[in-house]
Amino acid sequence: DIQMTQSPSTLSASVGDRVTITCRASQSISTWLAWYQLKPGKAPKLLIYKASSLESGVPSRFSGSGSGTEFTLTISSLQPDDFATYYCQQYNSYWTFGQGTKVEIK
Amino acid sequence: EVQLVESGGGLVKPGGSLRLSCVASGFTFSSYAMTWVRQAPGKGLEWVSFMSSGSTYIYYADSVKGRFTISRDNAKNSLYLQMNSLRAEDTAVYYCARGLGYCSGGSCYSGILFQHWGQGSLVTVSS
């Protein structure tokens, strides 16, 4: 099974900050990596797929990079609507999620 | 607009059964793979089960294999999850999601991600 390790688990930041979340796979997954945003009581939202492709309708301040085993999600300028929990997911072999990163207000 | 609406959650005793439903609208349901993902209280996301568009490929997480059954009714635009022999550790919000991607090479467990999700249905297993 492919394990996904996300860091940090919690991140405190202010509006306007640049935020980076890291995700590491236990084996190479090429670019079969997605990022999702979760807010309580709402449907999870796909942000990034194929490691760096922006889902339609997602603001351009979100970007993804990486391949193989190391990946990052970057929010270039944090907005009030971005305080949420973010998950990476590998879809190279079945489906595994990272443990999540909660982005909270500093 | 793609919409996925889950229902059927509730409180059930350990060892009991429950059937979740997910009604889809806004797209051609029969053309897409579908999946169930859950989130236990205070925990992360866990993939539960997957079914390809034509029902040829069906996969389960080891944690639910032999107890849960996924099915779909394309005429009703609906996805189901029959959950038997429920345990306390099955307590979670269950989401259905629409797949994006294609099966290839005689399998369907690579290259498909979850593009659209419902808001979830809470299942609580407790005596």
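Here, each number is a calculation from the coordinates, and none is a lab measurement. As the structure is a prediction and not an experimental result, all values here were calculated from the model. Don't worry about glycine lacking a Cβ; one is built from the backbone with ideal geometry, like all the others, and counts go over all protein chains shown.
Annotations for the structure displayed:
A quick yes/no check of all residues on (1) of a type outside the set (Asp, Glu); (2) away from chain A (no Cβ under 14 Å); (3) surrounded by fewer than 21 Cβ atoms within 10 Å (Cβ to Cβ):
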position: B:Thr69; (1), (2), (3): yes, yes, yes
position: B:Thr91; (1), (2), (3): yes, yes, yes
position: B:Ser104; (1), (2), (3): yes, no, yes
position: B:Ser107; (1), (2), (3): yes, no, yes
position: B:Ser110; (1), (2), (3): yes, no, yes
position: B:Gln115; (1), (2), (3): yes, no, yes
position: B:Gly120; (1), (2), (3): yes, no, no
position: B:Val123; (1), (2), (3): yes, yes, no
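- Strands (runs of 3 or more DSSP E) wholly inside the range B:1-49 that include at least 2 residues being of a type in the set (D, E, K, R) and in contact (Cβ under 8 Å) with a residue 24 or more places away in the chain: none
- Unique residue being away from every other protein chain (no Cβ under 13 Å) and not aliphatic (A, V, I, L, M) when the list is A:Ser56, A:Ser30, A:Ser26: A:Ser26
- Candidates A:Ile75, A:Ile29 - the one that is within 14 Å of the chain's Cα centre (by Cα) and crowded, with 19+ Cβ neighbours inside 10 Å: A:Ile75
- The lone exception for B:Gly16 - which of (1) within 13 Å of chain A (Cβ to nearest Cβ); (2) surrounded by fewer than 16 Cβ atoms within 10 Å (Cβ to Cβ); (3) within 19 Å of B:Val125 (Cα to Cα); (4) touching a strand residue (DSSP E or B) at 6+ places or on another chain (Cβ under 8 Å) it fails: (1)
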